[in-house]
Amino acid sequence: MMQLDEGRTLLKHVFALALVALTACVDSTGIACTEIAVAGLRVDVVDALDGRVIRDATVIAIDGSYIEELRVLSERETKHIGAWERRGRYTIAATAPGYLPGVRSDVRVTGDECHVRTVDVTVRLERSP
């Protein structure tokens, strides 16, 4: 069984660790930021005619020399997610079997002192002739 003094010492250590963790999340302006990662882009790829989601699409985000393939996080999800904590001006390119490639240009991801602001984008693909 833990003694009262040991419990107080343990509590002091836990408090000190929590304070260090909170301090690590405070930026130079004194704003406390969370440690979560925020996606800059969330992209749906849909059929241009009927608007249904195209599940087997490949989505690429390009900002200058930066190129990232965006991913769907689970089988239940439909949105391609990426550009984690990355501001920029993106071109979004999407392809899927049976469809012509689709592009969205000048997609701007901005942010605040702590995180990016997620931009929702829809790319509409036309069926191949």
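The values are calculated or read from the model by the stated rules, or taken from the named source; none is laboratory data. Predicted, not measured: the structure shown is a model, and the values here were computed from it. Using ideal geometry, Cβ is built from the backbone for each residue, glycine included, and neighbour counts are taken over all protein chains shown. Surface accessibility is based on the protein's heavy atoms, side chains included, excluding ligands, DNA and RNA. Shrake-Rupley method; radii C 1.70, N 1.55, O 1.52, S 1.80 Å.
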Worksheet item: Modelled label-to-label distance, I62 and E113, 7 Å Cα→beta-carbon offset: nm?
Response: 3.7 nm
Worksheet, complete the sentence: Given a Förster distance of 41 Å, the FRET efficiency implied by the Cβ-Cβ spacing of T122 and E35, rounded to the nearest 0.05, works out to 0.85
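Is the C-alpha gyration tensor of the stretch 60-129 telling us rounded, prolate or oblate? Criteria: a/c under 1.5 is rounded; beyond that, a/b larger than b/c is prolate, otherwise oblate.
Taking the square roots of the gyration eigenvalues as a ≥ b ≥ c, the stretch 60-129 is prolate.
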Practice prompt. Would you please name the GluC sites (Glu not before Pro) within the stretch 61-113 that are DSSP coil residues with at most 15 other C-beta atoms within 10 Å of their C-beta?
Written response: E75, E77, E85, E113
Worksheet entry | Heavy atoms of I36: accessible area, 1.4 Å probe, square angstrom to 10 | 110 Å²
Worksheet item: Put I60, I92 in order of accessible area, largest first, 1.4 Å probe: what do you get?
Response: I60, I92
